[in-house]
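**Q** So that we are looking at the same thing, I have put the structure below in structure tokens.
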Amino acid sequence: MQHFQYFQTMWLKICKTFIFREEVTKITVKFITLGCKTNIYESESMAELFRESGYEIITDDNAPADVCVINTCTVTGMGARKSRQQIRRAKRQNPNALIAVTGCFSQTSPEEVRELGADIIIGNKGRSKIVELVKAAEQGKKADIVDNILTEHEYEELPVTHTQSRVRANIKIEDGCNNFCTYCIIPYARGPVRSRNIEKIVSEAETLAENGYKEVVLTGIHIGSYGKDLNNGLRLIDVIESVNNVKGIERIRLGSIEPVIITQDFVSRAKNLTKLCPQFHLSLQSGSNATLKRMNRHYTSEEYKKAVKLLRENIPDTSITTDLMIGFSGETQDEFLESYEFCKSIGFMQMHIFKYSIREGTAAEKLPDRIRGEIKEDRSRQMIELAENMKEKFYRKYEGKIVSILAEQEKEAGIYHGTTPNHMDVLFNCFSHNIAGETLKVKLTEYKNGFMHGELL
């Protein structure tokens with residue numbers, strides 16, 4: 001018995017030693033992600049690749065790490081500026097770390113990224129190789145792989161099984177855009193439309209459901225173009241219908257879409273899908289047809305209004321959210337007022353308002369009649385005020401109603417944040433247990449400080 005206890009004690013010591021060694025030697029990686037939901041998805045997929053290879057993922061932005069991956073954005077001048085800042089910051093905070101830079105800014109401006117001292121530079125192709133590139137860099141072999149994305153026609157598979165959120169996960173269904181709006185750098189950063197295999201999309205949704213996720217967001221660069229590069233006739237509505245059949249998924253949301261895909265066929269099929277959330281982010285950019293034409297947008301304000309009408313008439317409780325650009329080159333005061341009145345007539349639940357910034361290499365770079373900064377600022381202020389008023393008006397319609405809420409996280413002791421199917425943000429009381437991930441009935445009581453407040457039933 002004594003011999004057994006001795007060997008048992010020694011075995012425990014050996015195990016602890018090896019565990020300790022593993023913890024000591026495990027290489028840490030942290031991610032800094034800028035920009036859109038697609039970037040978030042891609043960072044999560046790269047994090048999985050590192051995790052599977054034995055790396056430890058650091059979630060604290062201020063903590064040091066052995067490897068720092070910066071997933072960049074360049075859709076606006078602000079996005080590009082933040083990308084530069086984050087590379088510099090990462091080098092200051094982690095002087096001994098390997099700095100890997102990927103994403104849209106590295107795709108369009110690789111020479112700037114080189115000058116900023118990145119060890120590994122990857123554009124928007126080749127991210128599936130990031131772990132092996134990091135391992136090579138650990139041996140002193142730096143990597144610089146930024147290929148011509150405009151000639152790329154294959155979707156790069158980067159699946160996700162877990163996310164930082166406990167209840168919601170993005171599913172990327174396509175990459176690239178063929179529209180070439182005059183102001184937009186994204187086609188040059190992301191390349192042409194590449195649609196993901198629908199079986200892979202469904203399989204990922206099934207895996208996420210098995211892992212406890214209740215809501216998925218179908219995302220990509222231009223999801224309305226899904227299937228246009230395929231020869232099988234599949235479109236976005238086919239993807240939605242397929243994910244709607246996945247057991248365990250309770251809600252499906254769509255990323256940004258354009259009004260041209262909202263047809264009678266689309267809504268007649270969409271209205272029968274019990275899991276599709278009645279929230280549609282219809283990209284607008286301007287309510288003035290003259291401005292839309294200079295932007296090379298592929299719809300008119302009349303077509304936009306028709307799409308909104310179709311959705312509201314066929315899908316109850318529909319909310320419409322949008323993006324709006326202020327101060328595009330040549331935007332006269334009359335065009336701005338036309339856009340203002342158009343937005344007012346639509347009655348958006350929410351608007352993302354941003355000021356136009358010139359992107360080098362786009363067609364709009366050469367347009368005359370640039371708008372002064374102070375004019376942009378004034379017009380932006382007016383639109384933000386309108387947006388806040390429309391949001392309040394939309395929310396107040398639901399005061400006193402009982403709605404379904406997907407609980408997301410505890411904001412403070414006993415107060416949880418959750419969302420309605422049409423994506424109203426709700427704060428409500430619950431003191432009993434951790435309810436994150438549960439679908440609950442809540443009575444909405446009052447709109448206050450940007451949130452709807454409610455009582456758990």
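Where a number appears in this text, it was derived from the coordinates with a stated rule and is not lab data. Values in this document were obtained by computation on a predicted structure and should not be read as measured data. Cβ placement follows ideal geometry from the backbone for every residue including glycine, while neighbour counts extend to all protein chains displayed.
**Q** In degrees, nearest 10, range 0 to 90: what is the angle between the Cα axis of helix 37-52 and the longest Cα principal axis of the chain?
**A** 10 degrees
**Q** Right, another one. Only bridges whose two residues both fall in segment 402-456 count here: according to DSSP, what percent of them are antiparallel, nearest 5?
**A** Antiparallel bridges make up about 90 percent of those DSSP assigns within segment 402-456.
**Q** Would you please give the FRET efficiency between residue 397 and residue 231, computed as 1/(1 + (r/R0)^6) with r the Cβ-Cβ distance and R0 = 45 Å, to the nearest 0.05? It would help to have the intermediate numbers written out before the result.
**A** On the way: r = 45 Å, r/R0 = 1.00.
That gives a FRET efficiency of 0.50.
**Q** Towards the positive end of the charge dipole of segment 327-455, with charges on Cβ (+1 Lys, Arg; -1 Asp, Glu), say which of 349, 339, 421 has the farthest Cα.
**A** Positive-end residue among those listed: 421.
**Q** For segment 17-147, what's the relative contact order in percent, using C-alpha pairs closer than 8 Å and at least 6 residues apart?
**A** Details: 227 pairs, mean separation 27.5, N = 131.
Computed over segment 17-147, the figure is 21 percent.
**Q** Hey, got a sec? Which chymotrypsin sites (Phe, Trp or Tyr not before Pro) in segment 393-457 land in a DSSP loop and have at most 13 other Cβ atoms within 10 Å?
**A** Numbers: sites: 394, 395, 398, 416, 428, 431, 447, 451; in loops: 398, 431.
When the chymotrypsin sites (Phe, Trp or Tyr not before Pro) of segment 393-457 are filtered for loop state and at most 13 Cβ neighbours within 10 Å, 431 remain.
**Q** If each DSSP helix of 4+ residues adds -39,500 (n - 2.57) and the sum is divided by the residues in the chain, what number results at 222 nm, nearest 500 deg cm²/dmol?
**A** On the way: 14 runs with 170 residues, N = 457.
The helix contribution divided over the chain gives -11500 deg cm²/dmol.
**Q** Once you place label points 7 Å from the Cα toward the Cβ at residue 81 and residue 438, how far apart are they in nm?
**A** 4.5 nm
**Q** Oh, and also: If packing is taken as the mean number of other Cβ atoms within 10 Å per residue, what is the order of 101-108, 84-91, 359-366, highest first?
**A** Values: 101-108: 27.9, 84-91: 17.5, 359-366: 15.1.
In decreasing order of mean packing, 101-108, 84-91, 359-366 become 101-108, 84-91, 359-366.
**Q** Then there is this: Please compute the modelled spin-label separation between residue 139 and residue 306, points set 7 Å along Cα→Cβ, answer in nm with one decimal.
**A** Distance between the two pseudo-spin positions: 6.1 nm.
**Q** With a cut-off of at most 12 other beta carbons within 10 Å, and DSSP calling the residue loop, which GluC sites (Glu not before Pro) in segment 82-156 qualify? Please list them. Please report the intermediate quantities before stating the final value.
**A** Details: sites: 111, 112, 115, 132, 138, 152, 154, 156; in loops: 152, 154, 156.
Here the GluC sites (Glu not before Pro) that fit, given the DSSP loop and packing criteria, are 154.
**Q** Let me ask something else. Return the loop-located trypsin sites (Lys or Arg not before Pro) in segment 167-276 (DSSP other than H, G, I, E, B) with at most 13 other Cβ atoms within 10 Å of their own Cβ; answer none if there are none. Present the calculation step by step, with values, prior to reporting the outcome.
**A** Numbers: sites: 168, 172, 190, 194, 196, 200, 214, 228, 235, 247, 251, 253, 269, 271, 275; in loops: 196, 214, 228, 235, 247, 271, 275.
For trypsin sites (Lys or Arg not before Pro) across segment 167-276 that sit outside H, G, I, E and B with at most 13 neighbouring Cβ atoms in 10 Å, the list reads 247.
**Q** Right, another one. What order do you get for 153, 433 when you list them from fewest to most C-beta neighbours inside 10 Å? Each step should come with its number before you reach the end.
**A** Values: 153 10, 433 7.
With the fewest neighbours first, 153, 433 line up as 433, 153.
**Q** So what's the gap between the Cα centers of segment 308-346 and segment 40-96, to the nearest angstrom?
**A** So the separation of the two Cα centres works out to 35 Å.
**Q** Could you tell me the center-to-center distance, by alpha carbons, between segment 357-401 and segment 406-457 in angstrom?
**A** Computed from Cα coordinates, the inter-centre distance equals 29 Å.
**Q** From the Cα gyration tensor of the chain, with a ≥ b ≥ c the square roots of its eigenvalues, which class applies: rounded if a/c is under 1.5, or else prolate if a/b is larger than b/c, or else oblate? Provide the component values of the computation, followed by the final result.
**A** Details: a/c = 1.79, a/b = 1.29, b/c = 1.39.
Here the chain falls in the oblate category.
**Q** For segment 151-181 and segment 215-260, what is the separation of their Cα centres, given in Å?
**A** Each part's Cα centre sits 11 Å from the other's.
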